[in-house]
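Structure, as structure tokens:
The values are calculated or read from the model by the stated rules, or taken from the named source; none is laboratory data. Here the structure is a predicted model, which is why all the values come from computation and not from measurement. Glycine gets a Cβ as well: all are built from the backbone with ideal geometry, and neighbour counts include every protein chain shown.
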């Protein structure tokens, strides 16, 4: 009997990376190899049952607090047509918001639409489009889920990933601030917990999350920001890109003084400002 490594190698040879379509012969060969792989792993049934059990897990939530938080409010979800977004819409609907709105590019198919929810189209990178929607909807709470979330695709479409996950997040935050949104919940990724990663997807999500959180309390010196970023395992170049995409303001009080960074609206130095 072939080993697991040998079977996986045979699968890769049968269907090399980069193919858009697989013919019947290749699919048949992959089915046979899959059965061989199952047979080669004696604990496969236990592993499969453990996988199925994950779908049955749940998390206890404070019903009273959620009802008070979301009941009778206007809730907007970016990326509401995706896998997680469509599930979140259904969950939020249980708490009877006055208005429930999804904003997305509308390109994701296969996920159910929720009766009673509104579905609006906008690219989160489009500031004027977002501003129009936020100004009309006037949400009380925003859940920001829209993102390029495929790590493999992120390595191939770097520009779209960074502009969506970092610049798009900046645009959502700005639109929320202008519309007077009381609370914004940002969905990051477990990959952002990694102390270091060379993946574009991970870097784009973590940089926006880290910089926004670090500057939330007010302005910080650029040296302090970059030092803290390195201590947390972030590449300086990535943080500087996030600075630009989030619209972080650079300023200093005197011509020879140190540079300070702040989120728009939180800056205090006024003598020299560089966007």
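Summary of values
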read-out	value
Of the criteria (1) farther than 22 Å from residue 75 by Cβ; (2) over 19 Å from the mean Cα position of the chain (by Cα); (3) surrounded by 20 or more Cβ atoms within 10 Å (Cβ to Cβ); (4) modelled with pLDDT of 80 or more, which one residue 181 fails	(1)
Selection status of residue 114, under 30 Å from residue 246 (Cα atoms) and assigned by TED's automatic domain parsing to the domain that holds residue 141	no
Filtered residues of the stretch 107-138 (kept if exposed (fewer than 14 other Cβ atoms within 10 Å of the Cβ) and assigned to a loop (DSSP other than H, G, I, E, B))	107, 109, 110, 112, 113, 115, 116, 138
Selected residue [in contact with a strand residue (DSSP E or B) (Cβ under 7 Å, 6 or more places away or on another chain) and either outside any helix (DSSP H, G or I) or at pLDDT 90 or above (or both)] from 100, 22	100
Answer from 92, 75 - the residue that is part of a helix (DSSP H, G or I), in contact with a helix residue (DSSP H, G or I) (Cβ under 7 Å, 6 or more places away or on another chain), within 30 Å of residue 131 (Cα to Cα) and at pLDDT 85 or above	92
Filtered residue count, the stretch 134-178, keeping only those that are in contact (Cβ under 8 Å) with a residue 40 or more places away in the chain and within 16 Å of residue 75 (Cβ to Cβ)	14
Matching entry among 211, 234, 246 (being at pLDDT 75 or above and surrounded by 17 or more Cβ atoms within 10 Å (Cβ to Cβ))	246
